[in-house]
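Report on one structure; see the data block that follows.
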Amino acid sequence: MNNKTIFLIGIVGVSLFVVSSILGGFLIENYNVLSQYISESYAIDTEYGKILRIFGYLPSGILVTLFCFLGVRYFQPSKLLKIGFYGIGIFYGLATVIVGIFPCDSGCNRELIDPSSSQLIHNFVGLLTYLFVPFFIILIGFGLKKTPNNNTFSLQSIALGVISILFVYLFASNSNSEYIGLYQRMVELMFVIWIIFCAIVIKDKKPAVNNI
């Protein structure tokens, strides 16, 4: 698979996520993007939730997973890079697929009152995503420092990872905040921007010799 195809896989993957999250909010009356989770827009009882999951989040997660697993070949072999790319593929790409298969309960049941198994799986996978993905992005940034011609993307990765950790902290420590939805969206935005930057870098690369 050539670099242009992998570039498109990454861009389409994150585009599906962004479009689904925006559409989901518009399709629910009185939905507030500042104070409500993204998951509430495709919760188990929402009218268009199943459509958003099947045509939005599930393919998005699959494409992001493919992008990470294939994209790592375009960088010099490095343990840090492999851990980072495969980690993002699993904990962001596959995780998006899993939370799409297991949506949260109505209103995402923030107090976890008699939660369904789907809600528990959804929460656990989401927790793993926000705990690990920022560090995988930073790991890639440091891994790139050891390779030639990747200094800009290295700095971008470290910066986006650090910023995402800040918003993960705000998100996790202010669960009753009126801006909880904003904090979550900022975390997701950092992930999306990183994939876009990475896709652009890959678009102009050839596979690293030792990775062919």
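Only the coordinates and a few stated rules stand behind these numbers; no lab work does. Source: prediction; values computed, not measured. So basically every Cβ, Gly included, is an ideal-geometry build from the backbone, and we count neighbours across all protein chains shown.
Just a few scattered comments:
- Of the trypsin sites (Lys or Arg not before Pro) found in the stretch 101-202, those in coil by DSSP whose Cβ has at most 16 other Cβ atoms within 10 Å are 110, 146.
- Note on residue 205: lysines with a C-alpha under 20 Å away, same-chain residues under 8 apart excluded, are 4, 79, 82, 145, 146.
- Within the chain, the selection of entire DSSP H helices by a Cα span of 24 Å or greater along the long axis and an average Kyte-Doolittle value of at least -0.5 returns 3-26, 117-145, 151-173, 180-203.
- For GluC sites (Glu not before Pro), the sites in the stretch 1-104 that DSSP calls loop and that have at most 14 other Cβ atoms within 10 Å are 29, 47.
- With the alpha-carbon atoms of the stretch 1-107 aligned to their principal axes, the span from lowest to highest coordinate is 48, 24, 23 Å, starting with the largest.
- Counting only Cα atoms, the stretch 78-212 measures 53, 28, 22 Å along its principal axes, largest extent leading.
- Among 55, 17, 197, the largest mean-square fluctuation in a Gaussian network model of the chain, built with springs joining Cα atoms closer than 10 Å, belongs to 55.
- Choice from 109, 30, 176 showing the highest fluctuation, given a GNM over the chain with Cα pairs closer than 10 Å: 30
- Summed over qualifying helices (DSSP H, 4 residues or more, each -39500 (n - 2.57)) and divided by its residue number, the chain shows a 222 nm mean residue ellipticity of -21500 deg cm²/dmol.
- Restricting the stretch 68-126 to chymotrypsin sites (Phe, Trp or Tyr not before Pro) in coil, as DSSP defines it, with at most 16 other Cβ within 10 Å: none
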